[in-house]
Structures are given as C-alpha cells and as structure tokens.
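Worksheet for the structure shown next.
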Amino acid sequence: MAIRSFFLFILFFSSSISPVFSLYEDQVGLMDWHQQYIGKVKQAVFSSQRAGRKRVVVSTEENVIASLDLRHGEIFWRHLLGADDVIDGIDIGLGKYVITLSSGGSILRSWNLPDGQMVWESSLQGPKHSKSFLLVPTNLKFDKDNLLVVFSNGRLHAISCIDGEVLWKKDFEAESFEVQQVILPPGSDLIHVVGFAALSQFEMYQINAKNGELLKHESASFSSGFSGQVSLVSTETVVALDSTGSILLTISFQDGKISSQQTPISNLVEDSLGPAVIIPSSVSGIFAIKTDAVTIFIRVIGKGNLEVVEKTTHEIAVSDALSISEDQQAFALIQHASSEIHLTVKLAHDWDGNLLKESVKMDRQRGLVHKVFINNYIRTDRSYGFRVLIVMEDHSLLLLQQGEIVWSREDGLASIIDVTTSELPVERDGVSVAKVEHNLFEWLKGHMLKLKGTLMLASPEDMAAIQSMRLKSSEKSKMTRDHNGFRKLLIVLTRAGKLFALHTGDGRIVWSYLLRSLHKSEACQSPIGLNLYQWQVPHHHAMDENPSVLVVSRCGPSSDTSGVLSFVDTYTGKELSSLSLDHAVVQVIPLPYTDSTEQRLHLLIDADKHAHLYPKTSGALSIFKREFSNIYWYSVEDQNGIIKGHALKCKCTGEVADEFCFDTRDLWSVVFPSESEKTIATVTRKLNEVVHTQAKVVADQDVMYKYISRNLLFVATVAPKGSGEIGSVTPEESWLVAYLIDTVTGRILHRVTHHGSQGPVHAVFSENWVVYHYFNLRAHRYEMSVIEIYDQSRADNKDVWKLVLGKHNLTSPISLFSRPEVITKSQSYFFTHSLKAIAVTSTAKGITSKQLLLGTIGDQVLALDKRFLDPRRTVNPTQLEKEEGIIPLTESLPIIPQSYVTHALRVEGLRGIITVPAKLESTTLVFAHGVDLFFTQLAPSRTYDSLTEDFSYALLLITIVALVAAIFVTWRLSERKELQEKWR
Amino acid sequence: MGRVAPHREAPLKVPHKEVPLKVSHREAPMGWKNQELCTLSSCHQLWKLSNLGCYGTHRTVTFARASLNCTHDFIRVWGWVHHQWSSEDPQGLGTKGFALPGKTSNVKVILNGGQIVTYLRPDGYFLFQNIPAGTHLIEVAAIGYFFSPVRVDVSARNPGKVQAALTENRRGLSELVLEPLRDEQYYEIREPFSIMSVVKSPMGLMVGFMLVVVFLMPKLVENMDPEEMRRAQEEMRNQGVPSLASLLPGGGRN
C-alpha cells in the first residue's frame, strides 16, 4: 500500500486548518518586496509654495494622481481613480488644493496638497459631449474665494475653489459648436470661448467671469474649413490649419472683432512638405507645426505676419510656457542627438537667445522624449535656474537640473502586459549577468570597507555602503542560480514596448531593453506588444546557450495587421534577432516540443487560419512532422459566441506556400445561442502545470481518479442582458452557464446553470478542478463555485494490483463517439469581496496542497486553501472525513486576515497574479502586478522540506551541548556506580 | 470593534444618552447643498419622499441617508464611513491600536465592483452621483479593517426610496453609515519568550525525554522487586523474543 501511505503522508502535511501563510511584522521585507509606481505622466504641475517641501503633482495614463517629492522623486501620496475615471486636467488652486477634472469633464475633485485627503467633489453635467478644459485663474476673486473655470460637456462652469459649489454656468447648446480654446486674458474679468461650428465657422464668445453673462458673440466663416487643433499664440490670437493642412489661418479677435489672415505653408518653407499638424503649445507668439519629417517653429509678428524661426529634422519636444516675470515667458525645448539630449530654455519673445543650454547623456533604452515640463527656481545669486521634468518613450520620468539627471522613476513598470520567468546562470567562475561582477579594485575596496566596519572606524556613509553591499551579496539577491530555485529573473513586457528583467530577490532591475521592433516605422505604424513566451530554456544538451524569450507583437490594434517577433537573451538583455512577419498573429500556441538546441516550437495562427511553425529550421520541422496529427487547438469567437476546434491539414497551398506553413481544418464547433448566452470567460489549465497524483483516496478507503486532461476548457456564458454592471438586471432575467469542454473532441463534459447570477466571472483551472467567482443576484453576494471532475472508467481499480493490471484509460477506446465516463462534483460558497484576479499556487512536483490566490477589490491578495473549496464538504463530516481533512461546510468562505499574502500592503490597480514554482517542492513564488508590483514566496503547506527562517539554531546547539554533557555526567555516574558494585 | 456609539458629527449638543435612537444626527455635508439637491424643508417631507428614518428636531433637519436628484432620472447615494481612526475622535474611543499609516485619504468606496470609485471627504462622507435605479453593491476598501459590502436598492418606481443592508449578516441599515465589522490584523503576534515555549518545542521535548530516560529509568528499575525482575527476564527468554544482542555475531555466546 505504498500509494496509500503516501497519501497519508500528504495528509499529514495538509492537516492544519489554521492560516498557513502568516507573517510576523518583523519578517516584512525578508521574502517579499513591494514597488510603487504611477504610470506614464500626462500632465505635471509644480507646486509653487515657497516654504515646505518642493513637490510636483502629476496625473498619469493609469488614472493616478500623485504628489511627488521634487528632490528625490518619491511619492508623497497617490490616488488611483476608477478605470473609467480618466483624468482630463489637473491644476493647483489657492496653492494648497489639487484640482482634478476627470470622467470626460464630469467629475471635479479637490484634494489637499500636503496629505492627499479629498476635500470636495462636484459633478458637472452638461447638454452634450465636448472637449474639457480646467483653468485656475489667479486673478479672479470672489471675496477671498478663487474661481475655477471649467468647460465640460458643452457647458461653462465657474466653481468655488473652497467648497466646489457651482457659482454660475452657461450652456453652449448650438448643435455643431465645438469648443477649441477657453481663454482667460490676464487682468480682465472676461472669458473667451472660441471654437468651430459646422466645420467652417469660427465662433467667439465673450463672457463676464463674474456672473456668466454673455457679452459678445461673433462668428466668421472660412470656406476652406479647419483641421485638427488650434494653437493659442496670444490671448487674442489663435492659429489654425485649414482642412487640407497646407494653409495657416491666423485669427485674431481683438475687442470682439474677428479678423484673419491666411498664409500658405509653402510661402514660409520652400520645399513642399505634405499635410502638417499643429503641435499644441501655449507659448505666446510662437507655435510649431509638424509634418512627417520636419518640425517648424513659426513666430507671429504683429497682426498675423508669420516668420519661420527654426526648422529641424530632429525629434523635438516643447514644454508649455512658464511665466517668470510680469511680461516674460520661458519655455523648454528638447532635441535629440545620438546619445544625448540637448535642453534649451528660451524666452518666448527672443528665439535666438538661450537662457539655458545643456546637454544630458541619456540612456538609449529610454527612447525619445515625449513630454517636457518646466519649472524655475531662484538661485542663491538671485538669477533664475530651471529644472525640467521629462517623460520618455519608455514611460519613465526624469528630473533634469544643472545638466544632470537628479532622479528617475521607471514608471513603465506600472503597465505590465505580460510576465515570464527565466533562470539565472549556474554558479561558475566567470559566469554572471550584466554588470554585477566588479573588478579587483572594487573587490578590494569592499573588503577594506568591511574591515573598517568591524574595527568601528566606518562613517555613516560607509555603513550604508556596507549595508547595500551586504544586501547585494547576500544570498537572496545573488546573480546566480540557487539550490532552492528562489532566485530567478522576472521578465516583464510593458505597454511602452520595453522589456525589464527584475531580480526576484530584491526586485531590482537587472537590465532593461526598449524593443527596436516596437518602434514606429514605415511598415509598422503603431506597434503594440502582445505576449511573452519562453523561447529557449536550456537545460540538457544546450547548457552553454543563454535562455531567451520570444516577444510577439503586432503592427496595429486590429488582429489582422502583420506581426513582429523578437528574440531577447535573458542574461544579457540584448535582442538576438527580430522577424517582421508577412502574416498576422491571431493566436500563438507554444507546443510541448523542443528542438536540439532546446528552442521551443511555436505555432502561430494567422488571420487566414494558416498555421506557421517557428523556429523555421529543418530540425524543428522534422519533430513537428512526427507530431503532426497530435496537434489540436481551439479558438473563441467572442462576438458570435462560437468555440471552434482545429487541427492541421496539409502544407499550405497557394502563393504563400513555404515549408513551414500549414493549412488547417475545423474539427468541431460549439455555438452558443446568441439570444440567451454570451461568452464572458474562458480558462484552461496552465501549460506547465505538474500533477503528481492521479488518484485521491477518500475517507472510506475508496479511490477516486482525477480526470486530468490538458485539453479541458472552462467556458462561462451569461444572459446578454446580464453582461453589464451589477444591478443592471433583475435576477429573473439573468443566468450564468458554466461549461467544461474537451478541446480535442468538442464534447461538452459538464454544463451547469446558475440562475439569477451574472458576471464578471473570474476563473482558475488546475488539475481536475475549476474554481470560478461570480455574482449571485438573488442573495446579492459574490459566490465562488468549484467543479471537480473525476474519471469514472477507472473507478473499479480499488487497489494496487488492479491499478497495475486493471482498466486503464489508455486501454479504453479513444473515439469521438465514445462518451468519457466522468462524474463531476460541485459546490458553491459565498465570498465577501469583488475580485480583480485569481490564480492558484503551483509547485515543482505538484505534491504540495494548493492555495487559491484571490486579488480582491481592495488590491490585496488573499491566499485561500483549496480545501475550503472541496465539493465533498458537508455540514457534519464523519469521523473518517474529518481525519481526511474535510472542513465542515459553511455558507461563506472565511477571510483570515493573516492569510493576506500582501499583508498590510496594497498592490494598487491589481491586474494579474503569476505563480512560479521554486525548485523546493513546498514553495511557490508569487508575483502580483498592477500599478504596483509585489513579490513574495509562499509555502501553502508550510516549508516541510526546509527549516523556516525563524528556526533557532542556538537552541539546537544548546540542546546538543546539553545532551553531550548529560552523556558525560551519566557515564561518570555509571562508572562510579559500577565500581561501588564491584567493591560490594 | 463592533458598534460604537459616539457621534462625533452630532450637530446638536445632545448628551449621549438622550439620543433617542441608535443612529447619528448628521447634517447633509457642507458644499452639497447647492448641487441641485432638492431642498427639503421639513422632516416630514423627507420621511414621505424616501421612507427612511429621519431624525431631527424642530431646529435642525438632519438628512437620513439618501437624497434625490430633482430630475428624478438618476439618484445620488451618499453615506458616511465611520472611521474611528480619525484623530479628532473626541472620546478617544476605539482609537487604541489603530496607529495605521493609512488615513481616511486612503479609504476607497467602490460601487458595483469597480464601476465607480470614490474617496472619502475629511468628515467621512462619500457620494455617488447618477446612480440608475436598481440594486447596487457598495464596498469599502480600507487597509486594516473588514467592511461588509452593502446592498443598496434604489427604487425605480418610487424615486428616492433607497434601502440598504449589509450582505455579510443581512442586517438592514436604517442609515447608510458604514462601519467596519472588525479590524484585521495582518501579522501574527510574536509570543514573548517563556520557558514553557522552550520546553514545548521539539528540542525541549527531546531534552526532556532524555532526562527522563537518564535519571528516572534507572530509578524505576531499582525500585522493582529483584524477584519480579528475574521473573520478567525469564518470561522474555521463554517467549524467545529475539533480542538484538543475540542476533549479532558473538552475541549468541551469552
């Protein structure tokens, strides 16, 4: 009964119900790390407070507003708004409130600048959708109260800065009126609203800022129409482009009268350039237009006379204007040269003179400068100094001052698309990753420092250096593979198209690489990264090769644009090669085969349903040919509610024919009735999951065989009405159907309907079970259900002999028409929180019991033992069942605070949870990512195969010493006694 | 921490025990009064409109928990999160042990699993605007506290009628005041060092067992009657229990 004893062995490990993951407060940071990010900065406002800490308030594309320390770039406070609550504008009012306009201009909030507490919130409605503007004038005052001017949804509001009260409002209801600018001329009580109507009409409204009264309305028509944005060159002049993009219109509305002048671009620049666009900027007197290759800066002189001041082919970024004195405005300009950037600060009216000219060395992996924000400070000699905040192509944020990078933030990591892992190199002489090994001098210096430390001669800086060295050289952050498999590289792909390698020990960035293949080019207009795959994982015969990852990307948002593959070495962070494909990438199927150099075979399905094999080598092809008939996959068509199964047919025919292209055939399809069911979730097992035991011994010495198939697919559909938000549907007209489908045969193995339930569904599939989370409308609570599927055809094999000789699922006939004998068991429980993500722990051999990792709405990750989701739970388990470890059935799943793996931290904006097995069977590595990153190690059944961190070696030593002493004492005693005996 | 009674926000200086019901008297938050709220002139009217608890005196009208938009299309729901970790707690009740880094500024109130996310004002109020009629779920995310989600029914037929109940224990709320059901301790408490814990540890048990064997066993053997001992030895020999010594080469000689 070897098997049975083995089960008992497992049960022994998994017999405690108490929270398995638990942490003492002083253990925080030993195994885990947490990093906070904000995302790509959209807008930055510098706080102009004289006293106190210098700070900058930013809004980002991840819907974060944050206050950053201008000295170090740390976050003072940060708020993540809802997913639909996109930030339109931010500003600082009265020097102490951060004002944010979000949700398409319909929510205005005010936050306390020092601590980020929300002060008030106003909702702004309006007649129609429009651009939104937030303006904080400094001169408009209503008895001590500052006014905020907001234009949103076709309505102009004046709002009190102190409590968010709407003081007056004015509608712009004209159907076709499209607002382009809202202008507050300094020193007057007027508001100018300018815009276009009916595409060719220029409209100007003059409004009294005190009470919202319409003072003047002028319009003028331009037969050639307008295109794109307008640029404001003074408070009474705007520049626009006509609909062809070749004529510049300078429109001024001095004293309420509209006058205009047309200047063809070809008059200014000799060679024709094709259609241009205006770069939005607020520098007075100067504007910029950009064509495909050239950026042109144009100055406006007097009433509409234009003059080209500079023409450049370099990539360029311009900041908004910063007024440094009554009548002087400065702005920053950044130009790229090969490996550095040139920063110039100029006065608006004086193009040729530079206030500042600096060159800063810039890491090429940061790409181009996307945005510039300028701020000034007064130097000790009372002259102006300038600092600029720049946002790079890789979404990082840098502060430049005095020709140096003061600090930088890797905010690209706030938008991770995909994650994979890579092993570190084996410890050997001369093997290391990137620039970790240091030279002899540094080695000597390190030892000298350590010596100083031991002799108590070290200064505080030295101590800090020693501490950081110790951290670096300590076991957990070494750059080599460890025995337990805790040290790995996390390779992450961000939305900016940059790859980062993070060390699991301390979360530092080992290397980063901005993918060249994801650069904009002629052939590839808007490339986006899609997925990461492990391309080459050398272990047996290709030990000397470095592992590499495959990055699959696509040239545009739609799925039929052509794909791009890049291969990146995970040790060096260099791109090995990249391939521009002539076909699209709709689906990538990593096959379970590797070629002689351990390169994994991948099948790419294109939009025409051809399958392409990669790598394109003859070795791979011969392996593939051998397994030709064993390759099946499925595709889900969300819109039509169809799931199809596919297999390979033959070599490609037609003009695209090459050796590595194959035609496919449809095997089966499952069509869900579109009037009653809409697919909302599909989940399969993880490809690399290991299952240790196929059988499960139940209490009465019975054996149940798990139905373990790689080809099981879980599908959840809901009533089309119920696919919206919670509360949009009544329980009677909503239902949720869960399916288990075999993806080779297309057979539906199980189907269950939950009446009165709706999505969103979060599900995870592992071994022979699936757990899914949904909303129960009747109870108005979230529910989690488990389905376990067992193989009934082998149920007779009750003992070892029968197991060996008896019926096996290999001997049973495999046919499309034979119905697999399976039984399912399921159970449902209430669960308190909404979920954002769900995952399951995975270990090296699959022996350790499993835990579900639930990413809750509060951005925490909760570990829940799978035994709480065991369909065999009953209200009163028998003695036998209790011994087996079955927990009495309760209505809802318990939430034990100690089992939050993120303990008192939040993974703000949580999007995904990834689990990776360590080499040590008991341990799994967990990486949770959203706007923040969090990493920890989990031991779902405690670390039964190694000593825990808090194991007391001292006690062990004391015990041994005590025992040895006892042996000697007793030996002496017995000797003496023996002697006495003999004398007697 | 359960329900704690102090009403920090009470507009009237009513001594604590004279408050007639287990709800707090609160005014509609400042600053919302001009945002198209229907002006409710008397308590009676509010009672009729929303069929909610309305507790006020002739001097102050205190809003209960839902107010309605004048357009009757959309409802706004506002409530109050009872945050005892506020430093202004006059009674100092329940603030012990809540020295959390997170203040009210880090508390999020989430509608329908993320459809709308809002933050708390300094006084603990929150507000959801433009809520269509139907049944909604409000969740509060605050590190260190466990809040039950709240089911909020906004009536379509009878605008302004809002009912709320905690989903965890199905307790109806007469007023949308959200209180944490309990606080959450994320860390194990380290036991202070004690002799018992050392004795109970595997090492301690090992030492203990050894001591027993070394010091008590000989005593036990000594105290046995020599006769009895001989008899026992004889019995063992008769039964032929193969002793380890006899199996060893050379051991058979005895």
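The values are calculated or read from the model by the stated rules, or taken from the named source; none is laboratory data. Worth saying up front: this structure is predicted, and the values here are computed from it rather than measured. Cβ atoms come from the backbone with ideal geometry, glycine included; neighbour counts cover every protein chain shown. For the accessible areas, the whole protein counts, side chains as well, though only heavy atoms, and no ligand, DNA or RNA atoms are used. Shrake-Rupley method; radii C 1.70, N 1.55, O 1.52, S 1.80 Å.
Yes/no matrix, rows are residues, columns are (1) part of a loop (DSSP other than H, G, I, E, B); (2) within 14 Å of chain B (Cβ to nearest Cβ); (3) under 45 Å from the mean Cα position of the chain (by Cα); (4) under 30 Å from A:L502 (Cβ atoms):
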| site | (1), (2), (3), (4) |
| --- | --- |
| A:R906 | yes, yes, yes, yes |
| A:L920 | yes, no, yes, yes |
| A:F927 | no, no, yes, yes |
| A:A954 | no, yes, yes, no |
| A:W971 | no, yes, no, no |
| A:K977 | no, yes, no, no |
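If you go through segment A:523-557 and pick out every residue that is closer than 25 Å to A:M362 by Cβ and either open to solvent by less than 50 Å² (accessible area, probe 1.4 Å) or of a type in the set (G, A, S) (or both), you end up with 6. Taking segment A:86-165 as the region of interest, the strands (runs of 3 or more DSSP E) fully inside it that hold 1 or more residues being away from chain B (no Cβ under 14 Å) and either within 17 Å of A:I183 (Cα to Cα) or open to solvent by less than 30 Å² (accessible area, probe 1.4 Å) (or both) are A:87-93, A:97-102, A:133-135, A:145-152, A:155-160. Contact map, segment A:764-781: first residue within 8 Å of chain B (Cβ to nearest Cβ), second residue polar (S, T, N, Q) and surrounded by fewer than 22 Cβ atoms within 10 Å (Cβ to Cβ), Cβ cut-off under 8 Å, separation 6 or more or different chains; pairs are A:L777/A:T730; A:L777/B:T135; A:A779/B:T167; A:H780/B:T135; A:H780/B:T167; A:R781/A:T832; A:R781/A:S892; A:R781/B:T167.
When segment A:641-665 is filtered for residues that are surrounded by 13 or more Cβ atoms within 10 Å (Cβ to Cβ) and under 24 Å from A:L713 (Cβ atoms), the ones remaining, listed by number, are A:G641, A:I642, A:I643, A:K644, A:G645, A:H646, A:A647, A:L648, A:K649, A:F662, A:D663, A:T664.
Which of the residues belonging to segment A:804-831 are modelled with pLDDT under 90 and crowded, with 18+ Cβ neighbours inside 10 Å? Passing the criteria: only A:V822.
In segment B:150-159, is there at least one residue being open to solvent by 10 Å² or more (accessible area, probe 1.4 Å), within 7 Å of chain A (Cβ to nearest Cβ) and at pLDDT below 85? No - not one qualifying residue is present in segment B:150-159.
Against the conditions (1) closer than 19 Å to A:H34 by Cβ; (2) surrounded by fewer than 19 Cβ atoms within 10 Å (Cβ to Cβ); (3) not hydrophobic (A, V, I, L, M, F, W, C), A:K919 satisfies every one except (1).
Of everything in segment A:1-48 that's modelled with pLDDT under 50 and of a type in the set (G, A, S), which residue is farthest from A:A904 (Cα to Cα)? If we take residues in segment A:1-48 being modelled with pLDDT under 50 and of a type in the set (G, A, S), then A:A2 is farthest from A:A904 (Cα to Cα).
Given the criteria farther than 24 Å from B:P122 by Cα and within 30 Å of the chain's Cα centre (by Cα), does A:F133 qualify?
Taking the combined requirement at face value, the residue satisfies it.
Where residues in segment A:880-909 are crowded, with 18+ Cβ neighbours inside 10 Å and of a type in the set (G, A, S), which of them is modelled with the lowest pLDDT? Per the stated criteria, the residue is A:G885. Every test in (1) open to solvent by 50 Å² or more (accessible area, probe 1.4 Å); (2) under 42 Å from the mean Cα position of the chain (by Cα) is passed by A:S319 save one, and that test is (1). One residue is enough: does segment A:37-54 have a residue meeting the conditions more than 10 Å from chain B (Cβ to nearest Cβ) and closer than 30 Å to A:T923 by Cα? Yes, there is a match, as at least one residue in segment A:37-54 is more than 10 Å from chain B (Cβ to nearest Cβ) and closer than 30 Å to A:T923 by Cα.
Of the residues making up segment B:97-141, just one is at pLDDT below 85, under 15 Å from A:S110 (Cα atoms), assigned to a strand (DSSP E or B) and at the interface with chain A (Cβ under 7 Å from one of its Cβ atoms), namely B:L127.
Output the number of residues of segment A:200-237 satisfying the condition of being among the small types (G, A, S) and under 45 Å from the mean Cα position of the chain (by Cα).
Total satisfying the criteria: 9.
Among the residues of segment A:692-735, those identified as open to solvent by 20 Å² or more (accessible area, probe 1.4 Å), among the hydroxyl-bearing types (S, T, Y) and within 14 Å of chain B (Cβ to nearest Cβ) are A:S723, A:S728, A:T730. Of all the residues that make up segment A:262-291, how many are open to solvent by less than 40 Å² (accessible area, probe 1.4 Å), under 20 Å from A:F331 (Cα atoms) and not in a strand (DSSP E or B)? The total comes to 3.
From the list A:V564, A:V585, A:V552, pick out the single residue that is in contact with a Ser or Thr (Cβ under 6 Å, 6 or more places away or on another chain) and of a type outside the set (S, T, N, Q).
Values: A:V585 fails: in contact with a Ser or Thr (Cβ under 6 Å, 6 or more places away or on another chain); A:V552 fails: in contact with a Ser or Thr (Cβ under 6 Å, 6 or more places away or on another chain).
Testing whether each residue is in contact with a Ser or Thr (Cβ under 6 Å, 6 or more places away or on another chain) and of a type outside the set (S, T, N, Q) leaves just A:V564.
So that you can scan it fast, the table gives a plain yes or no per residue for (1) open to solvent by 10 Å² or more (accessible area, probe 1.4 Å); (2) among the polar types (S, T, N, Q):
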position: A:S521; (1), (2): yes, yes
position: A:D569; (1), (2): yes, no
position: A:S578; (1), (2): yes, yes
position: A:L601; (1), (2): no, no
position: A:A620; (1), (2): no, no
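Is at least one residue of segment A:254-261 within 45 Å of the chain's Cα centre (by Cα) and not in a strand (DSSP E or B)? Explain how you work it out, then say what you get.
Residues of segment A:254-261 within 45 Å of the chain's Cα centre (by Cα): none.
The answer is no; no qualifying residue exists.
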